[in-house]
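First up is the structure itself, then whatever we jot down about it.
The values are calculated or read from the model by the stated rules, or taken from the named source; none is laboratory data. Treat the numbers as computed from the prediction; the structure is a model and nothing was measured. Note that we place each Cβ from the backbone using ideal geometry, even for glycine, and neighbour counts take in every protein chain shown.
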Amino acid sequence: MAHRLLVRRIWTLSAKDIRCLPASAAAASSFSTSILQFATTRASFLSPSHALPCSLPHTSLRGVSFNVQDHEDFTVRVINSELPVLVDFHAQWCGPCKILGPRLEKAVAKQKGRVAMAKVDIDDHTDLAIEYGVSAVPTVIAIRGGDVVDRFVGIKDDDELDSFVGKVIGQ
Amino acid sequence: MAALCRGKHRWKRTNCLHVLTRNLTGNYDYDLVVIGGGSGGLACSKEAAQLGQKVAVLDYVEPSVKGTKWGLGGTCVNVGCIPKKLMHQAALLGTAVKDAQKYGWQISGPICHDWATMAEAIQNHVRSLNWGHRVQLQDKKVKYLNIKGSLVDEHTVKGQTKAGKETILTAKNIVIATGGRPNYPTQIPGAMEHGLTSDDIFWLKKSPGKTLVVGASYVALECAGFLTGVGLDTTVMVRSIALRGFDQQMAGLVTDYMDAYGTKFAWKCVPKSVDKLSSGALQVTWTDTHTGNEHKDTYDSVLWAVGRAPETKALGLDKLGVQLKRETGKIILGSDESTSVPNIYAFGDIGEGRPELTPTAIKAGKLLARRLAGHSTELMNYDNVPTTVFTPLEYGCVGLSEEEAEKRHGKDGIEVYHAFYKPLEFTVAERDASQCYLKVVCERAGEQKILGLHFTGPNAGEVTQGFAMGFQCGATYSHLLQTVGIHPTCAEELTKVSITKRSGLDATVTGC
């Protein structure tokens, strides 16, 4: 019990810290037109030696995110969700998406149920992706109460993601 | 509503029946509806939208007999140029790795190829292109509909979704750019049940294994080429000649190289039947038309590359009186891509007499869009189109074949300059360059205008592209001689060519 309280305090502290941090660079909100995301062009974002934060307990990422099945599923589980939802638009041909996905799941897991995460494969759900103005991938869109409240394109590191997620929950 | 518009009658705009289909934006739902989202259709629709037209493009892929289907972009992106060139590259890299050892690279162990790795990477790239096209249509404000379009009348298109739902669209102009699909030799028992076509080969998740490629078109030779290159036992079965329509001397060099490279050829053979054995392998029975004897052999896959048929059947063209060429089934076109029905245009692979190439479809589509928007009167120039066959030894050409030049100008009216050369890179690699060759077919008299230029060798496409511009400008043999070569390259040999066929001299040239 004490452990849980301690852990919760750490998380709350972290959340507070995140709120105080200056706005993370370029939560790209502009619709990037005609920019195609290819693994090679985003290679510079990869930092192979990026260490995992060891202050938090390792959380199982199983069940953190769900795959959107169809438009109706999106409506029910994202638009009508009581929780804010981070929608991860990705593609199997997108290298950076494979890096961002787990990182985002980790950031979401840290929030212990205060935010949900939906994954949308843009090849399977092209119309949905187009509807939300996705052009390059990965694109992450934060939806709260059915409205888009924030978004970014490309890879972000763990701190930037924690900041982004915190902002989505906090507002 | 649609029923009332059916028929060959020309409905004037003042006709009140059309009022029923008008919406707030004007007379018709769209200024332009393009049926077909391939190289041509996409280029045409995007250009039209950029010029302020209200455009919709309909794209629908009927799954192949084997069930293969793909996304937006047409043949080139999904089952043609793009995956073909990438698989060709995979094969070339295999050769390069072998050559590398002669250049000092220490490569331990046998070099083997994993089809699944290559296929997945290529298929992923194609999917990224499907997406890219989708985004482009969105950006250019072209309405995209994944529906199967057919014509109701010259201003009405009916679309059907996969689920069977119907949509009606009306348009001021309709453009057909539905392209073609591979032919199956339906008269051969077992052909459809057990064989593949180019629609399938690029989407296979597992290696096709020992393959029989039936046909000798560039599709057949290119496929056989990369299959051999990635280490598969490949046989090409040719009914009569290879690369029909291309310069036959060059075609011979291409197939000679493939033969030396490891592809087996069954010349003058015609398949009779394909049976599936209990092992799962395919047994092909064929006749050698030279000897009349029958032969059998087993293969893991049979790839039919026996021609392509235009996608016109489901369009409802006969109902509207759109004239087709009976022998080919393609749409008969005017020089402005018009069909026999006003307001209906067609271009690309579906057009009779048109080259089946992406660049010509793209260019023709853009020019058509400009004409339809009233921005231009420029017609597509189908002359002087360069092309390259991406066989293991690539063959690039622009202009007339030697046979065609002879036919038009007479054997005495032309001068053919030629040379056998050896790419520098082949020397250290100890590779045989016997089929590396080039020839420039010129008018014999006067300035010696170049009528045709032919080149076999590495990077033939890159080499030919630049010379195609000279060709377009009406280059002569003296222009060629005036051009200083870049050294050391293969392309420079074209600027140095001086031995004529007429002289009978040995055409082998040496480097410096």
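Looking at B:P386, is it farther than 30 Å from B:T95 by Cβ and in contact (Cβ under 8 Å) with a residue 60 or more places away in the chain? Don't jump to the end; show me each part of the working.
Details: farther than 30 Å from B:T95 by Cβ: no; in contact (Cβ under 8 Å) with a residue 60 or more places away in the chain: yes.
So B:P386 fails the test.
Taking the listed residues B:A48, B:A91, the one that is of a type in the set (A, V, I, L, M), modelled with pLDDT of 95 or more and in the same structural domain as B:G159 (by TED's automatic domain parsing) is B:A48, with no other qualifying. Taking segment A:96-123 as the range and being assigned to a helix (DSSP H, G or I) and within 14 Å of chain B (Cβ to nearest Cβ) as the test, the residues that pass are A:P96, A:C97, A:K98. The set of residues in segment A:124-162 that are away from every other protein chain (no Cβ under 14 Å), in contact (Cβ under 8 Å) with a residue 24 or more places away in the chain and of a type in the set (A, V, I, L, M, F, W, C) comprises A:V140, A:I141, A:A142, A:I143, A:V149, A:F152, A:I155, A:L161. Determine whether segment B:138-153 contains at least one residue that is in contact with a Lys or Arg (Cβ under 8 Å, 6 or more places away or on another chain), of a type in the set (D, E) and buried (at least 22 other Cβ atoms within 10 Å of the Cβ). Checked segment B:138-153: at least one residue is in contact with a Lys or Arg (Cβ under 8 Å, 6 or more places away or on another chain), of a type in the set (D, E) and buried (at least 22 other Cβ atoms within 10 Å of the Cβ). Residue-level check: of (1) surrounded by fewer than 24 Cβ atoms within 10 Å (Cβ to Cβ); (2) farther than 12 Å from B:G307 by Cα, B:N183 misses just (2). Helices (runs of 4 or more DSSP H) fully within segment B:449-499 that include at least 2 residues being more than 19 Å from B:L424 (Cβ to Cβ) and under 25 Å from the mean Cα position of the chain (by Cα): B:460-472.
The residue list B:Y103, B:Y144 contains one member that is in contact (Cβ under 8 Å) with a residue 24 or more places away in the chain, within 14 Å of chain A (Cβ to nearest Cβ) and among the aromatic types (F, W, Y), which is B:Y144.
Taking the condition part of a loop (DSSP other than H, G, I, E, B), touching a helix residue (DSSP H, G or I) at 6+ places or on another chain (Cβ under 6 Å) and more than 23 Å from B:L137 (Cα to Cα), does A:I143 pass? Taking the combined requirement at face value, the residue does not satisfy it. In segment B:66-100, how many are more than 14 Å from chain A (Cβ to nearest Cβ) and out of contact with any Asp or Glu (no Cβ under 8 Å at 6 or more places or on another chain)? The total comes to 17.
Scanning segment B:495-512 for residues that are exposed (fewer than 14 other Cβ atoms within 10 Å of the Cβ) and free of Cβ contacts under 8 Å to residues at least 24 places away in the same chain yields B:S503, B:G504, B:L505, B:D506. Identify, please: which residue in segment B:117-137 is β-branched (V, I, T) and surrounded by 17 or more Cβ atoms within 10 Å (Cβ to Cβ) and is, among those, farthest from the other protein chains (Cβ to nearest Cβ)? Selected residue: B:I122. Among the residues of segment B:480-494, those that are within 25 Å of B:G413 (Cβ to Cβ) and surrounded by fewer than 17 Cβ atoms within 10 Å (Cβ to Cβ) comprise B:L481, B:Q482, B:T483. Report yes if some residue within segment B:292-303 is assigned to a strand (DSSP E or B), in contact with a strand residue (DSSP E or B) (Cβ under 6 Å, 6 or more places away or on another chain) and within 26 Å of B:D247 (Cβ to Cβ); otherwise report no. The answer is yes; a qualifying residue exists.
Any residue at all in segment A:119-127 that is at positive phi and either modelled with pLDDT of 95 or more or surrounded by fewer than 19 Cβ atoms within 10 Å (Cβ to Cβ) (or both)? Break it down into steps so the answer makes sense when it comes.
If we filter segment A:119-127 for residues that are at positive phi, which is where we start, we get none.
Within segment A:119-127, none of the residues are at positive phi and either modelled with pLDDT of 95 or more or surrounded by fewer than 19 Cβ atoms within 10 Å (Cβ to Cβ) (or both).
None of B:T156, B:T170 is in contact with a Cys (Cβ under 6 Å, 6 or more places away or on another chain), under 21 Å from B:D29 (Cα atoms), crowded, with 21+ Cβ neighbours inside 10 Å and β-branched (V, I, T) except B:T156.
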